[in-house]
1. Can you find, within segment 91-121, the residue that is farthest from LEU47 (Cα to Cα) among those that are polar (S, T, N, Q) and in contact with a Pro (Cβ under 8 Å, 6 or more places away or on another chain)?
2. Run down GLY35, GLY26, GLY42 and say which single residue is of a type in the set (Gly, Ala, Ser), open to solvent by 90 Å² or more (accessible area, probe 1.4 Å) and out of contact with any Asp or Glu (no Cβ under 6 Å at 6 or more places or on another chain).
3. Please work out which residue is farthest from ASP89 (Cα to Cα), limiting yourself to segment 57-77 and to residues that are assigned to a strand (DSSP E or B), among the β-branched types (Val, Ile, Thr) and in contact (Cβ under 8 Å) with a residue 24 or more places away in the chain.
4. Residues in segment 88-95: is at least one out of contact with any His (no Cβ under 8 Å at 6 or more places or on another chain), over 18 Å from ARG32 (Cβ atoms) and open to solvent by 60 Å² or more (accessible area, probe 1.4 Å)?
5. Looking at SER17, SER21, which is the one that is open to solvent by 50 Å² or more (accessible area, probe 1.4 Å), touching a strand residue (DSSP E or B) at 6+ places or on another chain (Cβ under 7 Å) and within 20 Å of LYS86 (Cα to Cα)?
6. Kindly indicate whether any position in segment 54-77 is open to solvent by 50 Å² or more (accessible area, probe 1.4 Å), β-branched (Val, Ile, Thr) and out of contact with any strand residue (DSSP E or B) (no Cβ under 6 Å at 6 or more places or on another chain).
7. Would you confirm, using the coordinates I've provided, whether SER7 is surrounded by fewer than 18 Cβ atoms within 10 Å (Cβ to Cβ), under 17 Å from VAL92 (Cβ atoms), at pLDDT below 95 and among the polar types (S, T, N, Q)?
8. Quick check on GLY103: is it surrounded by fewer than 17 Cβ atoms within 10 Å (Cβ to Cβ), assigned to a loop (DSSP other than H, G, I, E, B) and in contact (Cβ under 8 Å) with a residue 24 or more places away in the chain?
Amino acid sequence: QVQLVDSGGGLVQPGGSLRLSCTASGRFFNIRAMGWYRQAPGKQRELAASITEDDIASYAESVKGRFTITGDHVKNTVDLQMNNLKPEDTAVYYCYANVLAVGIIGHKDFWGQGTQVTVSS
């Protein structure tokens, strides 16, 4: 149906930058929103950033001013530019897309496999 492939994680020092990328493929009519959730060890998964089909971006308070999300609605991709990274940004980052897929009634969330981001000196 719908596959999300995310990439771009790694190890970076505090204050450094990383860029995450995610591509959606498969059989679908529409992507209403895409974005990134993150889950740190022992914590609940939380939304880091999202962007709608109308290019309305939303951010968690903790990443505002440091992260920027961009989407390409033709290529069905979403990128997350992360600057001034902090140790508390360490988490597995999961791409998601809210998709109207072929054969499924209504929009559903689909998920990437996750990519590890580690911020440490």
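1. Of segment 91-121, the ones polar (S, T, N, Q) are 98, 113, 115-116, 118, 120-121.
So of that shortlist, the ones also in contact with a Pro (Cβ under 8 Å, 6 or more places away or on another chain) come out as 120-121.
Working: SER120: 22, SER121: 25 Å.
The selected residue is SER121.
2. Working: GLY35 fails: open to solvent by 90 Å² or more (accessible area, probe 1.4 Å); GLY26 fails: open to solvent by 90 Å² or more (accessible area, probe 1.4 Å).
None of the other options fit; the residue is GLY42.
3. Within segment 57-77, the first condition is being assigned to a strand (DSSP E or B), and the residues that meet it are 57-59, 67-72, 77.
With among the β-branched types (Val, Ile, Thr) added as a condition, the list becomes 68-70, 77.
Okay, now just the ones that are also in contact (Cβ under 8 Å) with a residue 24 or more places away in the chain, so 69, 77.
Values: ILE69: 15, THR77: 22 Å.
Step by step, filter segment 57-77, then rank; the result is THR77.
4. We begin by selecting, within segment 88-95, every residue out of contact with any His (no Cβ under 8 Å at 6 or more places or on another chain); these are 88-95.
Narrowing further to those that are over 18 Å from ARG32 (Cβ atoms): 88-93.
Okay, now just the ones that are also open to solvent by 60 Å² or more (accessible area, probe 1.4 Å), so 88.
There is at least one residue in segment 88-95 that is out of contact with any His (no Cβ under 8 Å at 6 or more places or on another chain), over 18 Å from ARG32 (Cβ atoms) and open to solvent by 60 Å² or more (accessible area, probe 1.4 Å).
5. On the way: SER21 fails: open to solvent by 50 Å² or more (accessible area, probe 1.4 Å).
Step by step, each of SER17, SER21 is checked, and only SER17 is open to solvent by 50 Å² or more (accessible area, probe 1.4 Å), touching a strand residue (DSSP E or B) at 6+ places or on another chain (Cβ under 7 Å) and within 20 Å of LYS86 (Cα to Cα).
6. yes
7. Details: surrounded by fewer than 18 Cβ atoms within 10 Å (Cβ to Cβ): yes; under 17 Å from VAL92 (Cβ atoms): yes; at pLDDT below 95: yes; among the polar types (S, T, N, Q): yes.
Answer is yes for this residue.
8. Values: surrounded by fewer than 17 Cβ atoms within 10 Å (Cβ to Cβ): yes; assigned to a loop (DSSP other than H, G, I, E, B): yes; in contact (Cβ under 8 Å) with a residue 24 or more places away in the chain: yes.
The answer is yes for GLY103.
The values are calculated or read from the model by the stated rules, or taken from the named source; none is laboratory data. Note that this is a predicted model, so its numbers are computed, not measured. All Cβ positions, even for glycine, are placed from backbone atoms using ideal geometry, and neighbour counts span all protein chains on display. Areas reflect the complete protein model, heavy atoms only, side chains present, ligands, DNA and RNA absent. Shrake-Rupley method; radii C 1.70, N 1.55, O 1.52, S 1.80 Å.
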